[in-house]
Amino acid sequence: MSTTDIRTEIRHLLKERNAVLLAHNYMRDEVQAIADITGDSLQLSMEAAKTDADVIVFCGVHFMAESAAILSPHKTVLLPRADAGCPMADMVDVTGLQALKAQHPGLPVVTYVNSSAAVKAESDICCTSANAVSVVRSLSEQKLIFAPDRNLGRWIAKQLPDKEFIYWEGYCPTHERLTAARVREIKAAHPDALFICHPECAPEVSALADHVCSTSGMYLYCAKSPAKKFIIGTEAGILFKLREDNPDKEFVLASPALICPNMKLTSLEDILLALQTMQPVVTVADDVRIKAKAALDKMLAVPR
Ligand code: 13P
Ligand code: SF4
């Protein structure tokens, strides 16, 4: 089947099944190009919550499809590649988090959405990189547990010096591959460029940035900025829309190592097969789902 035929068949099946195709900003270019909606974790979870579609085809990684299933239990959520996981999400488990909670009784637990449904169910409130500062600021408590991303946690702590953090020491292997030495080198090679990075980067990398923000924050920042050249410190997939939306501007990836293998798994063929077979379906058992939904709903209620 030619690529054009695959695209046509995907669009046809999406209509027939009353399905919506969501794609994270890190997906392959051709997947972003065919999606109904592209966005960051926060935007996609909000879309999942409000769509009228019967089926959500989630092009992303497992925890994102799980969030969609938590927020929309009566819809069928398909994750075209069942093996698309997130190593950071896998760094925290329920038993470990329960043990940390037992060491710090009474502290609220703020959990990054890059986590399993079971871990969310053990948490008081979730956050994404786009709303993390607002979420932590919204807590009445001064001290909190933050899981699983140590880098996002430390970046929020810098913005909110009155809060005291107990960190889970998880991290994103893709973003941690970007070193401060590499950033200094690429900044020297492009002295006229602004450096923007994701808060999943190590603190010494974020410290070198002109702006630190979520993936969608990067689109807004680059579109508004009068600058003409940007060094981008996040996963390579973001370049697709940045370049498409800003043809007069130049974007340089901070390092060729900024590729998340999991985000690159989903192909057009996988999406077509998922729509043909209505598999693989992602579900969350009700006992976990109700508690995890409470943590996600609290997050969604926080004004940004
Ligand atoms: P967002 O900026 O979409 O929150 O993404 C970060 C990420 O790594 C998702 O896996
Ligand atoms: Fe997980 Fe990092 Fe990949 Fe995002 S980029 S899915 S945090 S490993």
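Quick notes on this one:
- In order along segment 237-243, the phi-based Karplus estimate (6.51 cos²θ - 1.76 cosθ + 1.60, θ = phi - 60°) of 3J(HN,Hα) comes to x, 5, 5, 4, 6, 4, 6 Hz; Gly and Pro are listed as x.
- Think of each Lys and Arg Cβ as +1 and each Asp and Glu Cβ as -1; about the Cα centre, that makes the dipole of the chain roughly 600 debye.
- The phi-based Karplus calculation (6.51 cos²θ - 1.76 cosθ + 1.60; θ = phi - 60°) puts the 3J(HN,Hα) values of segment 125-138 at 8, 9, 8, 10, 5, 7, 10, 4, 5, 4, 5, 5, 4, 6 Hz, whole numbers, x for Gly and Pro.
- Only the Cβ atoms of Lys and Arg (+1) and of Asp and Glu (-1) were treated as charged; on that basis the dipole of segment 174-253 about its Cα centre amounts to roughly 140 debye.
- Each of the peptides 174-183, 295-304 was scored by the mean count of other Cβ atoms within 10 Å over its residues; in descending order, highest first, they stand as 174-183, 295-304.
- Put simply, the amide H of TYR112, placed in the peptide plane, has neighbours under 5 Å in CYS127, ALA147, ASP149, leaving out anything fewer than 5 places away on its chain.
- Cα shape, segment 174-227, gyration tensor, a/c 1.5 rule: oblate
- Whole-Hz couplings from phi, Karplus 6.51/-1.76/1.60, listed for segment 216-224; x for Gly and Pro: 5, x, 5, 4, 5, 5, 5, 5, 7
- Sorted ascending by nearby beta carbons within 10 Å, beginning with the fewest, THR266, THR234, THR4 become THR4, THR266, THR234.
- Along the axis of the charge dipole computed for segment 174-253 (Cβ charges of +1 for Lys and Arg, -1 for Asp and Glu, origin at the Cα centre), the listed residues SER214, THR174, ALA188 are led at the positive end by ALA188.
- Our helix-only sum for the chain, with -39,500 (n - 2.57) per DSSP H run of n ≥ 4 divided by its residues, gives a mean residue ellipticity at 222 nm of -12000 deg cm²/dmol.
- Ordering TYR219, TYR26, TYR167, TYR112 by the number of other Cβ atoms within 10 Å of each residue's own Cβ, fewest first, gives TYR167, TYR219, TYR26, TYR112.
- Ranked by how many other beta carbons lie within 10 Å on average, peptides 204-216, 248-260 from highest: 204-216, 248-260
- Rounded to the nearest 20, the Cβ-based charge dipole of segment 72-162 about its Cα centre (Lys and Arg +1, Asp and Glu -1) stands at 180 debye.
- Cα gyration tensor, the chain - rounded (a/c under 1.5), prolate or oblate: oblate
Only the coordinates and a few stated rules stand behind these numbers; no lab work does. Every value quoted in this text rests on a predicted model; they were computed, and no experiment measured them. FYI the Cβ positions are ideal-geometry reconstructions off the backbone, even for glycines, and counts take in every protein chain you see.
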